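Report on one structure; see the data block that follows.
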Amino acid sequence: MKTRRFVIWTFACFALAALVAAWSFSHQPITVHARIAEDGGFMPDHLIARVGEPLRLRLIADDVEHTFAVGQNIMPPVLLKPGEPVEITLTFDKPGTYTFYTTTPSSLNFWRMRGVIEVVGNGKTQIAEPPLYVQLGLDLDEMHEAGEKPLGFSHPPSAARGETFERLIAPTYFSRDNYVIYSPMEMYEKLRADPALNSLRDDEIWDVVAFIWEKNTNPVGLEEGRKLYQTNCAACHGENGAGDGQFADEMKAIAEQNQDEHSIQPPTDFTNPEHLLEAKPAIEHGLILRGGMGTGMPMWGSIFTDEQIWNLVAYLYSFQFEYQK
Amino acid sequence: MISKTRQLLFLSLIAVLWTAVLSACSSQNKTDDLKMLPAEQMPAEVQSAPVMVQQAYQFAAANPDLMKQIPCYCGCGDVGHTSNYDCYVSHVDDKGVITFDNHALGCSICVDITQDVMRMTRQGKSAQEIRTYIDATYSKYGSSNMP
C-alpha cells in the first residue's frame, strides 16, 4: 500500500511540475534570433499569435546590428545590438498574416530578412481584391523608357511655375483617376494637344504636369514617402534616387554575369527622366506592391499599407519635379 | 482509499500532460522532415544565397510533382513559367540532370510561396489545400501563372 501511495504521490508531484512548466513556458517570450540573411535571417521566421492576446518576443542580434519592424504600421523599427536582447510585446486586433522585417542593410540580401506572424482568432478577415495594376490591365514588366522622344525641357519641371497657369487648366486634369493611369509623358501629350494651352511653351507644359503631380499629394504624404524611401529603398536606389546605393555595384556585377533580364538587375535610377516620366503612377504602385519579377526588388505589399505605397510613389516623382513644399 | 479506476484516470491524465509539455518544449529543425536535394548539388550562386533561398531551391528541385501544382504570383507567367517550380528549375534532361534558373535568387514572392509550401507540407496539407492558401494569400499582389 505504501509503495502504491509513493508512486501516486511521485506522479502527482511530476504532474504539478509539468503544469508549472507548461504555464511558465506559455508565459515566456519567444526568442527570435537575427542574423544576416546569408546566415539564416530571423529565426524562427514563422510565429503564431491570437487576436487580442499579447505576443511577447525577445529579440537578439547574433552577429551585427539589425532592426526589427512589423509591417502594416504595426511597429516601427527597433534597433537590435549584438548581445543586447530587446523584449517587445505585440497585440493584434485583427486576424491575418503580418510581416516582420529589417530595415538595416546588413548585407546584399538584407531584404530577405523577413518572417511572418500568423494571427488567428475571431475577427473580420478582409477579402483581397486583385491589385490596381491587374484591374487596369497594366503590364508591370514591359519597358517604360521614353527612348528618343524629346522631353522639351532643360531644367526640372516646377510645380510653382505650373501653378501660375492654373486658370488655364481644366479641373479634370487634376483628378485622381487621371493621375493614376497617365504617365507624366502621357499627361504632357494630352496637355500639349489641348487648345486651351496653345499659348504655353513645352517647358511650361511640363511645369503644369509637375503642378498636377504635386496636387495629387500633400506635404505630410510626401514626408512619409521620403522617410519610407530613405529607410527601405536608399540602400539600393541611393539616397538621391540615382540608382547608386551601397549595393548597386554588386547588383550590376551580378546582372552582367547573368545576362538575364528576369534575374537580379541594377537598381532603377529615378533621376533618369527617360524612365520615370514614362512610368504611370499605377505601374510604380504595382512594382512596389509586387516587387520586380526576379530583379532583386522585393515585394512591399505585405509591409506597406496602400496609403504608404501611394506616398512612396508620390515621393519618387519628386526626383523629377520641383515641388513647392 | 483511491479506487483503481480513479488511479488509472489520474495516471492517464499525468501521461497526457507530460506528452503536451514535451511536445511544446521540443524544437524541430525546419527541413529535417522534408524531401530536399542535398545542398552540394546546388549551383555555387545558390549555395552562397540566403538560407531561406537555398532551402527553397533544394525543396523545389526535390519535389517537382508538388511544385508543378503550385502557382507563382511574381509576374513570371509572362516569361513562360507555368508554376512556382519553373522559378527554380529551367530544364531536366533525360538523365535527370537539372538546369537551375537564377530567377528565384532575386525573387521575393517566389521564395515566400515556396517557404509556405514547405511549412504546409510539414503540416501534412494536400497539394490542393496548399494551392488554395497560396491563391488566397498572394492574389492581392499579382496574377497567377496557372489557369
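The values are calculated or read from the model by the stated rules, or taken from the named source; none is laboratory data. Everything quoted here is computed from the prediction, not taken from an experiment. All Cβ positions, even for glycine, are placed from backbone atoms using ideal geometry, and neighbour counts span all protein chains on display.
Data for the structure
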| read-out | value |
| --- | --- |
| For residue B:79: the one exception among (1) of a type outside the set (D, E, K, R); (2) more than 25 Å from residue B:142 (Cα to Cα); (3) at pLDDT below 95 | (2) |
| For residue B:78: the one exception among (1) in a helix (DSSP H, G or I); (2) more than 8 Å from chain A (Cβ to nearest Cβ) | (2) |
| Residue B:82 being in contact (Cβ under 8 Å) with a residue 60 or more places away in the chain and either out of contact with any Leu (no Cβ under 8 Å at 6 or more places or on another chain) or buried (at least 23 other Cβ atoms within 10 Å of the Cβ) (or both) | yes |
| Any hit, the stretch B:87-107, residues being in contact (Cβ under 8 Å) with a residue 12 or more places away in the chain, within 12 Å of the chain's Cα centre (by Cα) and within 24 Å of residue A:140 (Cβ to Cβ) | no |
| Selection from the stretch A:203-238 of residues that are out of contact with any Asp or Glu (no Cβ under 9 Å at 6 or more places or on another chain) and not in a helix (DSSP H, G or I) | A:216, A:217, A:218, A:233 |
| Elements of type strands (runs of 3 or more DSSP E) in the stretch A:52-99, at least 3 residues being under 19 Å from residue A:308 (Cβ atoms) and out of contact with any Pro (no Cβ under 9 Å at 6 or more places or on another chain) | A:75-80 |
| Checklist (1) crowded, with 24+ Cβ neighbours inside 10 Å; (2) more than 15 Å from the chain's Cα centre (by Cα) applied to residue B:110, failing item | (2) |
| Condition met for residue A:305 (closer than 15 Å to residue A:233 by Cα, of a type outside the set (Phe, Trp, Tyr) and surrounded by fewer than 18 Cβ atoms within 10 Å (Cβ to Cβ)) | no |
| Count of the stretch A:91-126 residues which are over 17 Å from the mean Cα position of the chain (by Cα), surrounded by fewer than 18 Cβ atoms within 10 Å (Cβ to Cβ) and among the polar types (S, T, N, Q) | 4 |
| The stretch A:188-202, residues that are hydroxyl-bearing (Ser, Thr, Tyr) and either surrounded by 10 or more Cβ atoms within 10 Å (Cβ to Cβ) or in a helix (DSSP H, G or I) (or both) | A:188 |
| Residue count for the stretch A:161-178, restricted to those that are touching a Phe, Trp or Tyr at 6+ places or on another chain (Cβ under 7 Å) and buried (at least 18 other Cβ atoms within 10 Å of the Cβ) | 1 |
| The stretch A:1-51: number of residues that are modelled with pLDDT under 70 and assigned to a loop (DSSP other than H, G, I, E, B) | 1 |
| Flag for residue B:53 being under 18 Å from residue A:39 (Cα atoms), crowded, with 24+ Cβ neighbours inside 10 Å, touching a residue at least 12 places away in the same chain (Cβ under 8 Å) and β-branched (Val, Ile, Thr) | yes |
| Within the stretch A:258-299, tally of residues that are of a type in the set (Val, Ile, Thr), surrounded by 23 or more Cβ atoms within 10 Å (Cβ to Cβ) and either out of contact with any helix residue (DSSP H, G or I) (no Cβ under 9 Å at 6 or more places or on another chain) or over 28 Å from residue A:113 (Cβ atoms) (or both) | 0 |
| Selected residue (criterion: surrounded by the most Cβ atoms within 10 Å (Cβ to Cβ)) from residues of the stretch B:126-147 that are within 14 Å of chain A (Cβ to nearest Cβ) and part of a loop (DSSP other than H, G, I, E, B) | B:142 |
| Restricting the stretch A:283-315 to residues that are hydrophobic (A, V, I, L, M, F, W, C) and in contact with a Pro (Cβ under 9 Å, 6 or more places away or on another chain), the residue that is farthest from the other protein chains (Cβ to nearest Cβ) | A:314 |
| Flag for residue A:87 being modelled with pLDDT of 95 or more, loosely packed, with under 14 Cβ neighbours inside 10 Å and more than 14 Å from chain B (Cβ to nearest Cβ) | yes |
| Hits in the stretch A:219-237 (condition: surrounded by fewer than 22 Cβ atoms within 10 Å (Cβ to Cβ) and free of Cβ contacts under 8 Å to residues at least 40 places away in the same chain) | A:220, A:223, A:227, A:230, A:234 |
| Flag if residue B:42 is farther than 26 Å from residue A:98 by Cα and either within 14 Å of another protein chain (Cβ to nearest Cβ) or modelled with pLDDT of 95 or more (or both) | yes |
